[in-house]
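Contents: one structure, followed by commentary.
The values are calculated or read from the model by the stated rules, or taken from the named source; none is laboratory data. Keep in mind it's a predicted model, so treat the numbers as computed, not measured. Methodologically, a virtual Cβ is constructed for each residue, glycine included, from the backbone with ideal geometry; neighbour enumeration extends over all protein chains shown.
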Amino acid sequence: MESDKCFRNARIYIAKIYVMIRPYESSGVMTHNPEKLERADRLEELAAATTLQRFGFNEGAVLCDIGAGSGIFTFVAAGITNKTVYAVEISQNMLELLRSRTKEYASSNVIVEENIAGVPTDSCDMALLSCVLHEVADVPAMLFEINRILKTGGSLVIIEFHKRKTPAGPPVDERLSEEDTAALLEAYPFSLKDRFVMGENYYALRFVKTLAD
Ligand SMILES: C[S@@+](CC[C@H](N)C(=O)[O-])C[C@H]1O[C@@H](n2cnc3c(N)ncnc32)[C@H](O)[C@@H]1O
């Protein structure tokens, strides 16, 4: 009995330390390290240009890269399309990086937004959530906004970690399986069109917006 109590207290103590050392910005947003997001093996598996084109992104398409991070999809997309690429982020560190890279790369078709509310209604051919959905605090509000910004017939591409232990990624219980992700979309006018296993860490699903607002 005494040992059970000690064990429980030790677990509570470890959990408190974990919460204290988890990397959060002062605003409460979890921080991500650009070097980690741009590791060579990650870039290779996510294969931004191939992935975007596989899901139909082309030179006439408008993209909203939601949770753009350091911009591994944003700036590749900006080189493929002649139209606008919106990069939406809530992290101040990532926003600064996205803004400085937009200047550095002279990506005149990239618009960086702090909030998806800044993206016009019915403006996008594709919305992308790459490794973001499992982190979103208010999923219904996010999906409502994605439905608003997408044109009818537009695509929502969701990339997530397989829900099993893999070389990279968050704890397994924080991940969304393909079924979990599809279930989250059920209440919205999106239909699942493509599923794709990207490699040992990631899968991608493409949904199409079926109804006008
Ligand atoms: C794991 S990173 C992925 C970055 C990028 N999409 C990639 O694949 O390299 C997740 C990003 O989503 C951002 N994020 C989380 N919730 C968000 C929200 N509600 N709106 C916008 N960005 C969000 C985080 O700040 C973080 O930069």
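Numbers below:
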| item | result |
| --- | --- |
| Single unsatisfied condition, Asp41 versus (1) near the ligand (Cβ under 10 Å from one of its atoms); (2) modelled with pLDDT of 95 or more | (1) |
| First in the range 34-52 and closer than 20 Å to Phe207 by Cβ, second anywhere and part of a helix (DSSP H, G or I) and away from the ligand (no atom under 12 Å from the Cβ), Cβ under 6 Å, 6 or more apart | none |
| Only listed residue being closer than 19 Å to Ala61 by Cα, at pLDDT 95 or above and aromatic (Phe, Trp, Tyr), chosen from Phe144, Phe207 | Phe207 |
| Unique match (being in contact (Cβ under 8 Å) with a residue 12 or more places away in the chain, within 10 Å of the ligand (Cβ to nearest atom) and of a type in the set (Gly, Ala, Ser)) among Gly56, Gly69 | Gly69 |
| So Arg206, is it under 21 Å from Arg42 (Cα atoms), assigned to a strand (DSSP E or B) and touching a residue at least 24 places away in the same chain (Cβ under 8 Å) | yes |
| Set Ser123, Ser130, Ser107: member being of a type in the set (Ser, Thr, Tyr) and surrounded by 22 or more Cβ atoms within 10 Å (Cβ to Cβ) | Ser130 |
| Failed item in (1) buried (at least 21 other Cβ atoms within 10 Å of the Cβ); (2) under 18 Å from Leu150 (Cα atoms); (3) free of Cβ contacts under 8 Å to residues at least 40 places away in the same chain, with Phe75 passing the rest | (2) |
| Members of the range 78-124 that are polar (S, T, N, Q) and more than 20 Å from Glu135 (Cβ to Cβ) | Thr81, Asn82, Thr84, Ser100, Thr102, Ser107, Ser108, Asn109, Thr121, Ser123 |
